[in-house]
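Undergrad: Take a look at the following structure, please.
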Amino acid sequence: MPRPLVDGSGAPNGINGILQNGPCVAGFVAFFIAQSLKVVTHWYSEGRWDFTRVIGSGGMPSSHTACVVALTTALGAISGTDTGTFAIGLVLSLVVMYDASGVRLHAGKQATVLNIIISQLPADHPGSETMPLRDRLGHTPRQVAVGALLGVITGYLLGTVWHGFGMPS
């Protein structure tokens, strides 16, 4: 049975519970760092600033990977690697990384090819007015690896700090 938002036990619940949950905070912090780094890495590779990368998918580093790996690492640092919650986080992390560098990467490549085909259709063809498909969907294995490294660092630092201050996990 779920706990009510106010239960009289003194344990934080609701938004306070989320903000005081070390693994949750680690995941969000890693996600926001990764999304912010996308602006810098885009500038480095393309030679121009593009602040829309903060909210965009794809690119360096993988923010989804950073998020779930930070969550998992913080769970391990706080609760140990022999717990069920760590196991759930680890399996989730592996699925997200596989999806980012496999399924989503190839879907993005297919979208690029479809956009080229659509752009070459005659103007009177019913498909010629189709909006371009988003093709920045997945990540290269390198982008996933950098996201994972960011996640491990963020999760470990925040997890050990959280545990060191005796904050609830």
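Undergrad: Taking the Cβ-Cβ separation of PHE51 and THR83 as r and a Förster radius of 45 Å, what is the calculated FRET efficiency to the nearest 0.05?
TA: Once rounded, the FRET efficiency stands at 0.70.
Undergrad: Okay, moving on. Set the Förster distance to 25 Å, then compute FRET efficiency between MET131 and VAL95 from the Cβ-Cβ distance, nearest 0.05.
TA: 0.25
Undergrad: Also, quick follow-up: If N is the number of residues in segment 54-116, what value comes out of its Cα radius of gyration divided by 2.2 N^0.38 Å?
TA: In units of the 2.2 N^0.38 Å rule of thumb, it is 1.40.
Undergrad: In terms of solvent-accessible area of protein heavy atoms at a 1.4 angstrom probe, what is the ranking of SER93, SER45, SER101, highest value first?
TA: SER45, SER101, SER93
Undergrad: Oh, and also: Taking a 1.4 Å probe, which of PHE28, PHE51 shows the most accessible area, and what order do the others take after it?
TA: I get PHE51, PHE28, largest accessible area first.
Undergrad: Moving to a separate point now. Could you compute how much accessible surface LEU114 exposes when probed at 1.4 Å, giving the result in Å² to the nearest 10?
TA: Here the residue's solvent-accessible area equals roughly 80 Å².
Undergrad: Over segment 12-119, what is the mean sequence separation of C-alpha contacts under 8 Å (at least six apart), divided by residue count, expressed as relative contact order in percent?
TA: Value for segment 12-119: 23 percent.
The values are calculated or read from the model by the stated rules, or taken from the named source; none is laboratory data. Because the structure is predicted, anything quoted here is derived from the model rather than measured. Here Cβ is always computed from backbone atoms with ideal geometry, including for glycine, and neighbour counts include all displayed protein chains. Side chains are part of the model used for accessible areas, which takes the heavy atoms of the whole protein and leaves out ligands, DNA and RNA. Shrake-Rupley method; radii C 1.70, N 1.55, O 1.52, S 1.80 Å.
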